[in-house]
Amino acid sequence: MCGIVGAIAERNVVPILLEGLQRLEYRGYDSAGLVVVENARLKRLRSTGRVAELMQISKGTEGNIGIAHTRWATHGIPSERNAHPHISRDLIAVVHNGIIENYESLRDGLVKAGYEFTSDTDTEVIAHLVHSHYAKGMTLLKAVQATLKELVGAYAIGVIAADNPDRLISARRGSPLLLGVGIGENFVASDVSALLPVTNRVVYLEEGDLVELDRQGYRIYDAEGNEVARPVQTSEISNESVQLGNYRHYMQKEIHEQPEAIANTLETACNSHSIMPGIFGAEAESCLSRIDGILILACGTSYHAGLVARYWLEEISGLHCTVEIASEYRYRKSVPNPNALVVVLSQSGETADTQAALSHAKSLGHVHTLAICNVPESALVRQSKLRFLTRAGPEIGVASTKAFTTQLVALFLLTLVLAKQRNHLTAESEHLHALRHLPAAVQKVLDLEPKIARLAEKFASKHHALFLGRGLHYPIALEGALKLKEISYIHAEAYPAGELKHGPLALVDKDMPVISVAPNDALLEKLKSNLHEVRARGGELYVFADADTHMNEEEGVHIMRMPEHAGYLSPILHTIPLQLLAYYVALQKGTDVDKPRNLAKSVTVE
Ligand code: G6P
């Protein structure tokens with residue numbers, strides 16, 4: 001999703017801005033642009049292609065102050081005229097992440113005041129508002145502060161002025177932003193990875209903060225305009241750019257990294273013979289012993305991880321668990337249980353709806369909060385009392401894979417800790433043994449790759465697909481359908497198999513492939529009856545079964561046997577073939593696997 005990089009230095013900042021944008025590419029975007037002050041004038045370059053194209057057209061451009069942006073369209077189609085930076089009367093340039101909700105009324109006022117709009121974006125109002133104040137003689141700092149008072153909505157912005165090459169102003173509310181501290185140069189960015197080539201000393205700006213940068217220093221002001229101090233931290237995120245190696249796509253690489261990602265996630269948690277609450281943070285023991293329920297909040301794939309966890313948490317720990325889509329929860333009038341543990345699940349730790357849901361939960365009186373995240377210094381981690389970091393490593397492919405399976409590992413560990421605290425845990429050592437065996441078990445499933453690649457050939461011509469699962473594996477069917485639609489653009493739906501006859505069966509015919517997750521668990525016989533219903537209507541069945549599931553290949557029934565059954569951890573194993581299936585179907589269809597159309601890796605707007 002949208003990304004910001006800004007720099008003020010003695011040297012030419014164009015390469016810094018471009019490399020920063022390149023490092024934000026994985027988040028998904030549809031256009032990119034930058035502006036620098038060159039000979040007391042704003043020089044802007046924009047492109048609807050990749051950052052590589054912006055690099056081409058930027059050759060020869062120089063400046064020692066500039067702001068840059070990757071845009072993921074919200075207001076206005078992806079086009080050069082809508083790409084950022086936006087400029088007001090050749091004087092003020094602005095980049096913006098987020099959404100200005102009252103932009104229409106602001107725009108009407110600015111048009112009446114004589115401002116000409118050249119884009120369809122909400123952002124352009126910011127440029128003209130800053131200009132309107134600056135033109136009255138305010139300093140750039142004051143002009144931005146006055147502008148921010150007029151904005152309703154979420155933003156992270158960067159602002160420069162053609163006639164003031166010694167000041168860069170940046171501010172945030174509802175969208176992430178950080179300051180990078182250099183020697184004789186300073187930077188801003190929406191994501192720390194953009195700045196790692198130039199500095200690892202960072203200041204995470206707080207909600208409502210504004211920062212004024214010059215080359216020698218910076219001043220931070222809070223929402224009330226008071227100058228404030230924020231700690232400078234040393235980022236521990238590695239600067240090594242993620243290499244593709246022998247893989248064709250990041251998604252394929254990330255699918256294959258799952259054994260290692262799971263092993264790394266387990267490393268600190270269960271090397272011993274028992275599992276301790278401390279893995280969730282210093283305060284976990286007392287905090288977790290006081291809770292009487294769980295509320296999981298997440299979006300997308302992370303939400304599916306939460307749905308799996310509900311089965312584990314209720315069955316193994318005996319705690320009541322609800323799982324909510326963050327964008328729904330944040331606006332729903334719910335009845336809070338302040339004794340519940342709020343678990344926010346997120347790969348990126350910066351999904352706008354999940355952040356807002358966490359704030360909403362806190363506003364309803366929730367004090368016990370846990371973030372399960374893959375990005376150590378992310379907003380959700382910083383805003384939660386307890387934390388668990390999945391150690392999946394950077395996930396570049398927009399469709400989440402290794403982050404999902406490591407989230408499941410973290411949630412299973414949480415289940416065991418809670419069950420143990422409540423004396424519900426039987427067979428702790430068996431559970432730990434199963435967890436330690438998981439990386440090897442996942443590796444065996446990955447060995448099915450060539451078979452799944454062949455299977456995928458049958459899907460490339462399909463327009464729809466139905467995924468079925470039951471119990472613990474129903475969320476895996478949901479995740480399988482999401483993966484397929486995200487990257488192959490085939491319309492896919494998932495249902496709990498028992499619901500088939502209440503509607504979706506009407507869709508089943510010879511053109512509708514039905515993919516079923518069929519582990520050898522207590523619901524297998526029920527599931528088999530549901531699958532007969534599909535066969536009886538001519539539906540083609542693709543069954544991911546365990547080795548000991550008694551089902552045979554026959555006309556219209558394709559069986560893919562999983563190497564072993566993993567008990568409670570079976571959803572983790574059954575996810576892998578569905579990831580591979582989506583990947584190979586997308587390859588057949590020739591889509592942009594790592595950056596599927598219209599989607600973003602980190603969704604930092606509502
Ligand atoms: C986007 C990504 C998904 C991800 C979802 C939630 O939609 O494309 O892969 O599952 O956001 O992201 P989070 O970082 O909060 O897990």
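Going by what's in this entry, would L389 be described as more than 14 Å from I294 (Cα to Cα) and either surrounded by fewer than 20 Cβ atoms within 10 Å (Cβ to Cβ) or touching a Cys at 6+ places or on another chain (Cβ under 7 Å) (or both)? Yes: the conditions hold for L389. Within the range 394-414, the only residue that satisfies the criterion of being in contact with a Ser or Thr (Cβ under 9 Å, 6 or more places away or on another chain), over 17 Å from G281 (Cβ atoms) and either at pLDDT below 90 or more than 16 Å from the ligand (Cβ to nearest atom) (or both) is P394. Restricting to the range 332-347, and then to whatever is more than 14 Å from the ligand (Cβ to nearest atom) and assigned to a strand (DSSP E or B), can you tell me which residue is farthest from the chain's Cα centre (by Cα)? Top of the filtered list is A340.
For the range 288-331, the tally of residues that are in a helix (DSSP H, G or I), touching a helix residue (DSSP H, G or I) at 6+ places or on another chain (Cβ under 8 Å) and either free of Cβ contacts under 8 Å to residues at least 12 places away in the same chain or away from the ligand (no atom under 16 Å from the Cβ) (or both) stands at 7.
The residues on offer are S346, S334, S317, and the sole one that is surrounded by fewer than 18 Cβ atoms within 10 Å (Cβ to Cβ) and of a type in the set (G, A, S) is S334.
Within the range 141-165, being surrounded by 15 or more Cβ atoms within 10 Å (Cβ to Cβ) and in contact with an Asp or Glu (Cβ under 8 Å, 6 or more places away or on another chain) holds for L141, G153, A154, A162.
Figure legend. Inter-residue proximity from the range 21-33: first residues within 16 Å of the ligand (Cβ to nearest atom), second residues in a helix (DSSP H, G or I), beta-carbon distance below 9 Å, spacing 6+ or different chains. Indicated pairs: L24/V51; L24/S193; L24/A194; E25/V51; Y26/S193; Y26/Y250; Y29/L21; Y29/V51.
If you go through the range 167-182 and keep only what is within 22 Å of Q383 (Cα to Cα), touching a Leu at 6+ places or on another chain (Cβ under 9 Å) and assigned to a strand (DSSP E or B), you end up with S170, A171, R172, R173, L178, L179, G180. Among the conditions (1) part of a helix (DSSP H, G or I); (2) within 16 Å of the ligand (Cβ to nearest atom), the only one that H437 does not satisfy is (2). Of the residues making up the range 348-393, those that are more than 12 Å from the ligand (Cβ to nearest atom), under 18 Å from E254 (Cβ atoms) and out of contact with any strand residue (DSSP E or B) (no Cβ under 8 Å at 6 or more places or on another chain) are R391, G393. Is it the case that P394 is farther than 18 Å from I572 by Cβ and within 17 Å of the chain's Cα centre (by Cα)? Yes: the conditions hold for P394. Across the range 584-606, the number of residues qualifying as in contact (Cβ under 8 Å) with a residue 40 or more places away in the chain and within 14 Å of the ligand (Cβ to nearest atom) comes to 13. Of everything in the range 484-540 that is more than 16 Å from the ligand (Cβ to nearest atom) and touching a Pro at 6+ places or on another chain (Cβ under 8 Å), the residue that is modelled with the lowest pLDDT is G539. Contact map, the range 73-86: residues that are surrounded by 15 or more Cβ atoms within 10 Å (Cβ to Cβ) paired with residues that are of a type in the set (F, W, Y) and not in a loop (DSSP other than H, G, I, E, B), Cβ distance under 8 Å, separation 6+ or inter-chain. Pairs shown: H75/Y103. Going by what's in this entry, would S235 be described as polar (S, T, N, Q) and touching an Asp or Glu at 6+ places or on another chain (Cβ under 9 Å)? Considered against the rule, which asks whether it is polar (S, T, N, Q) and touching an Asp or Glu at 6+ places or on another chain (Cβ under 9 Å), S235 comes out as yes.
The values are calculated or read from the model by the stated rules, or taken from the named source; none is laboratory data. Values in this document were obtained by computation on a predicted structure and should not be read as measured data. Methodologically, a virtual Cβ is constructed for each residue, glycine included, from the backbone with ideal geometry; neighbour enumeration extends over all protein chains shown.
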